[in-house]
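What follows is a short report on a single structure.
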Amino acid sequence: MSSPKPKPTAQLLADCRRDYEQARSPEARAAVQAQADRAQARLDHGFARPDGAR
């Protein structure tokens, strides 16, 4: 069984924005914000490309 292909970072950030707006609790928003921060840091430091290519 192969592992699922990771989402492109730009798509992950878009999903995080949507999830943040739909979050019902401060804890859920904090979790989404942490995920978005990690994805943005990967882009900022060159560990990922927006299109998910390597």
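The values are calculated or read from the model by the stated rules, or taken from the named source; none is laboratory data. These figures come from a predicted structure and were not determined experimentally. In this analysis, Cβ positions are derived from the backbone assuming ideal geometry, glycine residues included, and neighbour counts consider all displayed protein chains.
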Name the residues in the stretch 1-15 that are assigned to a helix (DSSP H, G or I) and either polar (S, T, N, Q) or surrounded by 15 or more Cβ atoms within 10 Å (Cβ to Cβ) (or both), would you? THR9, ALA10, GLN11, LEU12, LEU13, ASP15
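This table checks each residue for (1) more than 9 Å from the chain's Cα centre (by Cα); (2) among the hydrophobic types (A, V, I, L, M, F, W, C); (3) modelled with pLDDT of 90 or more.
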residue	(1), (2), (3)
THR9	no, no, no
ALA28	yes, yes, yes
ALA31	yes, yes, yes
ASP44	yes, no, no
Does any residue of the stretch 16-26 turn out to be touching an Asp or Glu at 6+ places or on another chain (Cβ under 9 Å), modelled with pLDDT of 95 or more and either small (Gly, Ala, Ser) or loosely packed, with under 13 Cβ neighbours inside 10 Å (or both)? no
